1. Name, by its number, the condition in (1) farther than 24 Å from GLU63 by Cα; (2) surrounded by fewer than 24 Cβ atoms within 10 Å (Cβ to Cβ); (3) not aliphatic (A, V, I, L, M) that does not hold for SER117.
2. Which members of region 71-98 meet the condition of being touching a Pro at 6+ places or on another chain (Cβ under 9 Å) and either surrounded by 21 or more Cβ atoms within 10 Å (Cβ to Cβ) or free of Cβ contacts under 8 Å to residues at least 60 places away in the same chain (or both)?
3. Could you check, for region 178-185, whether at least one of its residues is under 26 Å from ARG15 (Cα atoms) and part of a helix (DSSP H, G or I)?
4. Which residue, of ILE27, ILE87, ILE67, ILE49, is assigned to a strand (DSSP E or B) and of a type outside the set (Gly, Ala, Ser)?
5. Here are some residues: SER127, SER117. Which one is hydroxyl-bearing (Ser, Thr, Tyr), touching a helix residue (DSSP H, G or I) at 6+ places or on another chain (Cβ under 7 Å) and within 25 Å of PRO21 (Cβ to Cβ)?
6. Hey, can you tell me all the residues within region 70-81 that are among the aliphatic types (A, V, I, L, M) and part of a helix (DSSP H, G or I)?
7. Which count do you get for residues in region 30-46 that are in a loop (DSSP other than H, G, I, E, B) and small (Gly, Ala, Ser)?
8. Does any residue in region 59-70 that is farther than 14 Å from LYS146 by Cα come within less than 6 Å, Cβ to Cβ, of a residue that is among the polar types (S, T, N, Q) and surrounded by 15 or more Cβ atoms within 10 Å (Cβ to Cβ) six or more places away or on a different chain, and which pairs are these?
Amino acid sequence: MNETLRTIATRYSCRDFASTPLSKLQIKALVEAALAAPSAMNRQPWHVIIVTDKDLIEELDREGMAILAAAEDQSGYERMMARGGQIFYNSPCMMMVAADGSNYAAMDCGILSQNVSLTAHAIGLGSVICGMAGIPLSGANGAEWKKRLQFPEGYDFGIAILFGTANSSKDPHELDMDKVTYLDKAEGKSE
């Protein structure tokens, strides 16, 4: 099997990180993978923020968990509590991706996050794409968090990716072939 296809097939969402810091070389590889991502009309509607300040990550985590705990719908809080009570799973490195809000920014930030997650797996790191990182930014202190994270003016949360050495592993999700429809012009019908 081709190495790229193997990386895609074996990558999983890691939710159990060791606190071991990433090396400068690992971070450089992740940043370069992010910036190499394609975007609609090459607008690159993102700004990448690398957070390795463990105290800051833990503060964000506490804020997010407090917001979830206070929410009327407790399903998010219960899910996070079942996973150890942390949004960021002890990750020593977070890539916060700020988006400029343009038409295709959400899609483009998604492409960037996949580039980075696959790169992390290819270089032996665990990763998880973390939409819940936006919770602290959407709360009452959101503007202050954006300032502390040095979001550029006019940018909002796009996506975040967490990285680190995985404490455990798991199998990737099963492929659900029922999610695929094949249309064959020669047959004039779908399979």
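1. (2) is the only condition that SER117 fails.
2. Within region 71-98, the subset touching a Pro at 6+ places or on another chain (Cβ under 9 Å) is 87, 92-93, 98.
ILE87, CYS93, ALA98 - these are the residues of region 71-98 that are touching a Pro at 6+ places or on another chain (Cβ under 9 Å) and either surrounded by 21 or more Cβ atoms within 10 Å (Cβ to Cβ) or free of Cβ contacts under 8 Å to residues at least 60 places away in the same chain (or both).
3. Within region 178-185, the subset under 26 Å from ARG15 (Cα atoms) is 179.
Going one step further and asking which of them are part of a helix (DSSP H, G or I), we end up with 179.
Checking region 178-185: at least one residue is under 26 Å from ARG15 (Cα atoms) and part of a helix (DSSP H, G or I).
4. The match here is ILE49.
5. Details: SER117 fails: touching a helix residue (DSSP H, G or I) at 6+ places or on another chain (Cβ under 7 Å).
Of the residues listed, the single one that is hydroxyl-bearing (Ser, Thr, Tyr), touching a helix residue (DSSP H, G or I) at 6+ places or on another chain (Cβ under 7 Å) and within 25 Å of PRO21 (Cβ to Cβ) is SER127.
6. If we filter region 70-81 for residues that are among the aliphatic types (A, V, I, L, M), which is where we start, we get 70-71, 80-81.
The answer is ALA70, MET80, MET81.
7. Result for region 30-46: 3.
8. The qualifying pairs are ASP61/GLN86.
The values are calculated or read from the model by the stated rules, or taken from the named source; none is laboratory data. Quick caveat: nothing in here was measured; it's all calculated off a predicted structure. Cβ coordinates were reconstructed from backbone atoms using ideal geometry, including for glycine residues, and neighbour counts include every protein chain displayed.
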